[in-house]
Amino acid sequence: MAGTKIPMAELTQLYSEKDDIYLPVLEEHVLWRNEYFPNISSRAAWNQYQAVIDDPQLQHWCKKENGHTQSIIDCRSWKVFKEAIDRAYRYLTNEDVALERATVTLPVILRIGQNIKEKFARGAASLCIYIRIDFNANAQVYLQSKERMEVEIECGTMFIVSGYQRHCLTGDGVVIAFQIDLPSISRSEALNKIDELQSDESIFYSAVAQPISRPLPSFECIQEKINWLDHRAYKRYRRLECPVIKKYLLENDNPQLATQSEKEIVRRYGNQASVTESHCFHLKEHISVLTGQQCLELVRFVDDNISSAVIDSVDDFPEYQVDVSPELFAQLVGKETCQAVLNLPKTLDKSLSHEKSSRLGYSLFLRLYSEETRSLIPFHHDISDYTCVIALNDQSDFSGGDFIMLNGDNLEKAAWKQGEALLHSGNLIHGVSKMNAGKRYSLVMFADHVE
Ligand SMILES: O=C(O)CCC(=O)C(=O)O
Ligand SMILES: [Fe+2]
């Protein structure tokens with residue numbers, strides 16, 4: 001089983017055929033750099049994994065030479081593995097790495113033991129991935145590389161280390177490990193052939209040499225791919241190019257002082273061409289819906305479950321949200337409160353309760369904003385008929401993170417207290433400004449008419 005490799009495209013949810021076209025490798029090569037990704041797994045997930053790992057019926061730990069134990073429990077279907085693949089996939093496509101013929105080894109679970117000294121070794125593939133899945137705050141796991149560094153792999157985080165680096169894991173904890181091979185830009189066989197005495201640099205350069213047998217893609221293919229990459233980069237970073245967005249979302253300038261032309265820019269920025277423009281919107285603020293205790297419960301739920309591989313359609317960055325079904329929401333806050341929240345859109349649009357087609361479909365999720373996770377959301381409008389946002393903590397808990405909206409002719413910050421809802425029709429243009437400190441938690445509900 002250890003030798004089994006699966007095409008990466010089969011494992012990720014994010015695959016697009018456009019990723020298959022090779023573009024020249026970057027100067028500062030991704031195959032050399034180490035990369036760190038927070039929130040790949042969560043404390044709540046660990047409770048489930050731990051139960052599987054510790055189940056005496058399933059326990060299958062094999063002793064490796066160095067004393068570490070390696071489990072052959074098949075964890076391919078675990079959420080953490082799927083999320084890790086998606087994050088690695090997203091990272092590599094953003095770095096213009098061709099993923100054609102990229103393969104992933106099956107994940108294994110490593111139990112890292114204290115006082116066990118592993119030998120430094122290169123990976124058997126281009127990239128080695130380690131995800132720490134245990135949530136034992138009193139223990140540490142380190143990744144050491146021979147020449148370069150020692151980094152701590154914190155609970156729930158993923159670390160990608162170049163297979164060209166001699167490295168090992170030390171400390172105490174449970175880690176999922178797998179490797180990615182990138183044959184379109186590397187010759188991993190070079191890893192195993194060249195002897196230890198050669199420098200890492202020379203091994204790297206001989207290993208990433210292009211295989212000459214690779215056919216060149218057509219000019220049209222390359223052009224299409226370049227356009228696609230440009231579009232994606234534009235979507236992600238256009239906020240940095242726009243002085244108005246910079247001013248109000250990144251630098252937290254007072255939006256009420258915005259000039260007419262600045263507001264026009266915000267309006268156009270937030271308007272996706274696909275949606276018909278309408279200046280008629282509804283807004284209702286300061287609706288008290290959740291108690292402090294209920295908010296606390298939801299915040300705890302977010303902390304335990306947050307992990308993010310999914311990409312937000314607004315800006316193409318990881319969304320950092322936890323989806324909750326109405327049923328789960330009812331379990332968390334009680335049936336009565338849940339129903340009250342689900343009914344909120346009806347208070348915005350009186351006609352809704354009389355209409356024949358007044359049935360609503362819902363999508364609910366909990367969001368975390370912080371400097372380390374998602375720190376802002378650019379101006380946009382939602383694709384929902386109605387949106388309800390509930391503040392789960394007080395604005396005094398964080399700085400930055402203002403909900404800024406184009407309320408008619410005013411660009412303004414919404415001020416709302418813990419437990420209060422802000423209700424708006426989906427076409428309201430809004431964004432959240434950059435977080436400067438602390439954590440901001442919100443519950444977002446999209447509601448749509450269903451036939
Ligand atoms: O979390 C918030 O306050 C707003 C989120 C939002 O605008 C969205 O998810 O569409
Ligand atoms: Fe939104």
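Suppose we filter 336, 241 for residues that are open to solvent by 50 Å² or more (accessible area, probe 1.4 Å), without any contact (Cβ under 8 Å) to a residue 60 or more places away in the chain and over 27 Å from the mean Cα position of the chain (by Cα); which single one remains?
Values: 241 fails: over 27 Å from the mean Cα position of the chain (by Cα).
Just one listed residue meets the conditions, 336.
Is it true that some residue in region 52-59 is touching a helix residue (DSSP H, G or I) at 6+ places or on another chain (Cβ under 8 Å), of a type in the set (Val, Ile, Thr) and surrounded by 15 or more Cβ atoms within 10 Å (Cβ to Cβ)? Even if it seems obvious, please write down each step before you answer.
Narrowing region 52-59 to residues touching a helix residue (DSSP H, G or I) at 6+ places or on another chain (Cβ under 8 Å): 58-59.
Then keep just the ones that are of a type in the set (Val, Ile, Thr); that gives none.
Within region 52-59, not a single residue is touching a helix residue (DSSP H, G or I) at 6+ places or on another chain (Cβ under 8 Å), of a type in the set (Val, Ile, Thr) and surrounded by 15 or more Cβ atoms within 10 Å (Cβ to Cβ).
What pairs come out if I take residues in region 364-381 that are closer than 27 Å to residue 262 by Cα and among the β-branched types (Val, Ile, Thr) and pair them with residues that are modelled with pLDDT of 90 or more and within 16 Å of ligand 2 (Cβ to nearest atom) whose C-beta lies under 7 Å away, six or more apart or interchain?
377/431; 377/432
Give the residue that is nearest to the chain's Cα centre (by Cα), with candidates limited to residues of region 60-75 that are open to solvent by 80 Å² or more (accessible area, probe 1.4 Å) and without any contact (Cβ under 8 Å) to a residue 60 or more places away in the chain. Step through it out loud before you land on a result.
First, the residues of region 60-75 that are open to solvent by 80 Å² or more (accessible area, probe 1.4 Å): 60, 63, 65, 72.
Applying the additional criterion that residues be without any contact (Cβ under 8 Å) to a residue 60 or more places away in the chain yields 60, 63, 65.
Numbers: 60: 31, 63: 34, 65: 36 Å.
Only one residue tops the list, namely 60.
For region 97-121, name all the residues that are in contact with a Gly (Cβ under 7 Å, 6 or more places away or on another chain) and crowded, with 22+ Cβ neighbours inside 10 Å.
Passing the criteria: only 112.
Return yes or no: is residue 385 more than 21 Å from residue 299 (Cβ to Cβ) and charged (D, E, K, R)?
On the way: more than 21 Å from residue 299 (Cβ to Cβ): yes; charged (D, E, K, R): yes.
In short, yes.
Does region 304-332 hold any residues that are away from ligand 1 (no atom under 16 Å from the Cβ) and of a type in the set (D, E, K, R), and which are they?
Matches in region 304-332: 304, 327.
In region 378-388, which residue that is out of contact with any helix residue (DSSP H, G or I) (no Cβ under 8 Å at 6 or more places or on another chain) and open to solvent by 10 Å² or more (accessible area, probe 1.4 Å) is nearest to ligand 2 (Cβ to nearest atom)?
Our first condition is that a residue be out of contact with any helix residue (DSSP H, G or I) (no Cβ under 8 Å at 6 or more places or on another chain); within region 378-388, this holds for 382-384, 387.
In the following step, the residues that additionally are open to solvent by 10 Å² or more (accessible area, probe 1.4 Å) were identified as 382-384.
Numbers: 382: 4, 383: 9, 384: 8 Å.
If we take residues in region 378-388 being out of contact with any helix residue (DSSP H, G or I) (no Cβ under 8 Å at 6 or more places or on another chain) and open to solvent by 10 Å² or more (accessible area, probe 1.4 Å), then 382 is nearest to ligand 2 (Cβ to nearest atom).
Is it true that residue 293 is part of a helix (DSSP H, G or I), farther than 30 Å from residue 48 by Cα and out of contact with any helix residue (DSSP H, G or I) (no Cβ under 8 Å at 6 or more places or on another chain)? Walk me through it before giving the result.
Details: part of a helix (DSSP H, G or I): yes; farther than 30 Å from residue 48 by Cα: no; out of contact with any helix residue (DSSP H, G or I) (no Cβ under 8 Å at 6 or more places or on another chain): yes.
Spelling it out, it is not the case that residue 293 is part of a helix (DSSP H, G or I), farther than 30 Å from residue 48 by Cα and out of contact with any helix residue (DSSP H, G or I) (no Cβ under 8 Å at 6 or more places or on another chain).
Out of the residues in region 352-370 that are open to solvent by 50 Å² or more (accessible area, probe 1.4 Å) and modelled with pLDDT under 90, which is nearest to ligand 2 (Cβ to nearest atom)?
Looking at the filtered set, the residue picked out is 359.
Before we move on, is residue 142 part of a strand (DSSP E or B) and either crowded, with 21+ Cβ neighbours inside 10 Å or in contact with a His (Cβ under 6 Å, 6 or more places away or on another chain) (or both)? Explain how you work it out, then say what you get.
On the way: part of a strand (DSSP E or B): yes; either crowded, with 21+ Cβ neighbours inside 10 Å or in contact with a His (Cβ under 6 Å, 6 or more places away or on another chain) (or both): no.
For residue 142, the condition - part of a strand (DSSP E or B) and either crowded, with 21+ Cβ neighbours inside 10 Å or in contact with a His (Cβ under 6 Å, 6 or more places away or on another chain) (or both) - is not met.
Identify, from the list 433, 396, the residue that is in the same structural domain as residue 302 (by TED's automatic domain parsing), of a type in the set (S, T, N, Q) and open to solvent by 10 Å² or more (accessible area, probe 1.4 Å).
396
State yes or no: is residue 323 acidic (Asp, Glu), away from ligand 2 (no atom under 16 Å from the Cβ), open to solvent by 50 Å² or more (accessible area, probe 1.4 Å) and within 20 Å of the chain's Cα centre (by Cα)? Break it down stepwise before answering.
Working: acidic (Asp, Glu): yes; away from ligand 2 (no atom under 16 Å from the Cβ): no; open to solvent by 50 Å² or more (accessible area, probe 1.4 Å): yes; within 20 Å of the chain's Cα centre (by Cα): yes.
So residue 323 does not fit the description; no.
Would you check which residues across region 298-320 are at pLDDT below 90, open to solvent by 20 Å² or more (accessible area, probe 1.4 Å) and of a type in the set (Val, Ile, Thr) and list them?
310, 311, 314
Conditions tested, residue by residue: (1) within 11 Å of ligand 2 (Cβ to nearest atom); (2) farther than 17 Å from residue 269 by Cβ; (3) not aliphatic (A, V, I, L, M).
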{"residue": "406", "(1), (2), (3)": "no, no, no"}
{"residue": "411", "(1), (2), (3)": "no, no, no"}
{"residue": "416", "(1), (2), (3)": "no, yes, yes"}
{"residue": "421", "(1), (2), (3)": "no, yes, no"}
{"residue": "424", "(1), (2), (3)": "yes, yes, yes"}
{"residue": "428", "(1), (2), (3)": "yes, no, no"}
{"residue": "433", "(1), (2), (3)": "no, no, yes"}
{"residue": "446", "(1), (2), (3)": "yes, yes, yes"}
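Which numbered condition in (1) at pLDDT 80 or above; (2) open to solvent by 30 Å² or more (accessible area, probe 1.4 Å) is the only one that residue 148 fails?
(1)
The values are calculated or read from the model by the stated rules, or taken from the named source; none is laboratory data. Just so it is clear, the model here is predicted, and its values are computed rather than measured. Quick reminder, even Gly has a Cβ in these numbers, built from the backbone with ideal geometry, and neighbours come from all protein chains shown. Surface areas here come from the heavy atoms of the whole protein model, side chains and all, with no ligands, DNA or RNA. Shrake-Rupley method; radii C 1.70, N 1.55, O 1.52, S 1.80 Å.
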